[in-house]
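Undergrad: Sharing a structure, written as structure tokens. Questions coming.
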């Protein structure tokens, strides 16, 4: 029988693979005394029980009442990617965090795989193995790589907290403890791997564990290698036992809390009541504002406790950067403290936990939310505190609210002056029996402010040139945005009701706004009260007209333009 070269190569390859499968497999608890393994399992069980009990205590503080894991999965798939992208805006810190998280997740998955093989599969049948052959070699390589990434990330963390420390960061004892425990756990794991390879003397497949293999060369002639291995293994095991509870007590808790913090719509800026429902039910007692710590919902408490005090929100806050008293990071920490202490001494929020000056310093721009990598939203708490001050305590911060109530605009100018800007332009009022393509919402600024009036007139002139059917409202008043942002939720909802009734009378395809505040309020706030219509910024409309060829740009602008709009 003639055997071809290809067949010979195939037979040789099969023999090699067979040898790899026979030799390369995970060895469990080698050189470790049975009593040490038993003590380890007992300690791990106690550590897990303590960790779960601590988590239960923590969730009890939040006012835990249960939740479904399905919404968590749906929301988190996209949020994890968003979180990483936000982290990477700051390159050094983002890379550091990514290396640490990636290393920890892979090492945790690898540890679980060992547990699954040894404590489940091999208990059923000793021949049932996953970590064998090429799978085991790949496993060793990936885990060594993950450990290497983790150590690099931890070294970067030390440098960032010492040499390259941003002013917003505060070094606390728990931060150092977490870094040291993770560093020692990873380093001792590599040393155990090197000692195991050196003790076995079998370097044939050890190169897949590339870091352990490099360390093993230093341990080949070491005396008492078994005793050193056992002592190091015990310290490594104790590190795991100590680290587990830190996922509820230290900054590591933000990892599990990250998967629950955006529940219950805490990311949305919604009111705690609906005026229409209150009027229909004729309830006198209904919640307005954030009175005390007990008023915080479960979702809000989880949201606050997930904060790791990184200070990114503080850097993004224009009020803080303008040396105002407001610090978003301090707001969160102040609100979190009485929750965790379960103390009634500072139960009242406004005046005790938060200062009035802090509350009014916030411009509600949303910069905090956009900067936070774990989607903490303290803005809701600020808005609710403002509502508490205005509605319950009667502390109205500005005459603008009185102007809106009496003259239907924040400037305090006569309502009859609202139409003055129309004198020199060709514009019609909307009629109930005529449909228009565009209902132009001029807004308070467009009607009263001299600079904004020029924009309104230019837009009207443009719409007339392209023959778009449009009209303005004779009954137009303030959209209510300022009332909501200044804490008068009752006034805002009254304005929403009035404007909704006015808009129902007319037929239009879309509302076009001049003011970005009107645009945001109509698009995001009115929908909360089931008032929905197609709304666009005038910039969007102009862009559509340019793209469709109805507007032709005859000359270009050579200057750099800074543009601000939603």
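Here is a yes/no grid of residues against (1) modelled with pLDDT of 85 or more; (2) in a loop (DSSP other than H, G, I, E, B); (3) within 26 Å of residue 57 (Cβ to Cβ):
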| residue | (1), (2), (3) |
| --- | --- |
| 180 | yes, no, yes |
| 213 | yes, no, no |
| 242 | yes, no, yes |
| 257 | no, no, yes |
| 270 | no, yes, no |
| 276 | no, no, no |
| 280 | no, no, no |
| 289 | no, yes, no |
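Undergrad: With more than 28 Å from the chain's Cα centre (by Cα), more than 30 Å from residue 326 (Cβ to Cβ), part of a helix (DSSP H, G or I) and at pLDDT 80 or above as the only criterion, which of 141, 148 stands out?
TA: Being more than 28 Å from the chain's Cα centre (by Cα), more than 30 Å from residue 326 (Cβ to Cβ), part of a helix (DSSP H, G or I) and at pLDDT 80 or above holds for just one of 141, 148, which is 141.
Undergrad: Which one of 147, 93, 133, 173 is without any contact (Cβ under 8 Å) to a residue 12 or more places away in the chain and assigned by TED's automatic domain parsing to the domain that holds residue 216?
TA: Just a single option satisfies the conditions, and that option is 173.
Undergrad: A further question on this structure: Please verify whether residue 159 is in contact with a helix residue (DSSP H, G or I) (Cβ under 9 Å, 6 or more places away or on another chain), surrounded by fewer than 16 Cβ atoms within 10 Å (Cβ to Cβ), in a helix (DSSP H, G or I) and modelled with pLDDT of 90 or more, treating the condition exactly as stated.
TA: yes
Undergrad: If a residue has to be more than 37 Å from the chain's Cα centre (by Cα) and either buried (at least 18 other Cβ atoms within 10 Å of the Cβ) or on the phi < 0 side of the Ramachandran plot (or both) to count, how many in the range 456-500 make the cut?
TA: Residues flagged as more than 37 Å from the chain's Cα centre (by Cα) and either buried (at least 18 other Cβ atoms within 10 Å of the Cβ) or on the phi < 0 side of the Ramachandran plot (or both) within the range 456-500 amount to 20.
Undergrad: Which condition number in (1) under 29 Å from residue 251 (Cβ atoms); (2) more than 25 Å from the chain's Cα centre (by Cα) is the one that residue 178 fails?
TA: (2)
Undergrad: Here is a follow-up. If you scan the range 418-436, which residues turn out to be within 19 Å of residue 499 (Cα to Cα) and not in a loop (DSSP other than H, G, I, E, B)?
TA: Matches in the range 418-436: 418, 419, 429, 435, 436.
Undergrad: Additional query: Given (1) part of a helix (DSSP H, G or I); (2) modelled with pLDDT of 90 or more; (3) farther than 23 Å from residue 536 by Cα, identify the lone condition not met by residue 411.
TA: For residue 411, the failing item is (1).
Undergrad: Residues being within 28 Å of the chain's Cα centre (by Cα) and surrounded by 16 or more Cβ atoms within 10 Å (Cβ to Cβ): count how many of those fall in the range 104-138.
TA: The number of residues fulfilling the criteria is 4.
Undergrad: Based on this model, can you work out whether residue 423 counts as within 28 Å of residue 450 (Cα to Cα), buried (at least 19 other Cβ atoms within 10 Å of the Cβ) and either out of contact with any strand residue (DSSP E or B) (no Cβ under 9 Å at 6 or more places or on another chain) or assigned by TED's automatic domain parsing to the domain that holds residue 319 (or both)?
TA: no
Undergrad: Hey, can you tell me all the residues within the range 521-541 that are in a helix (DSSP H, G or I) and in contact with a helix residue (DSSP H, G or I) (Cβ under 7 Å, 6 or more places away or on another chain)?
TA: Listed by number, the residues that qualify are 521, 525, 526, 529, 538.
The values are calculated or read from the model by the stated rules, or taken from the named source; none is laboratory data. Only a predicted model underlies this, so the values are computations on that prediction, with no experimental measurement involved. Virtual Cβ from ideal backbone geometry, glycine too; neighbours counted across all protein chains shown.
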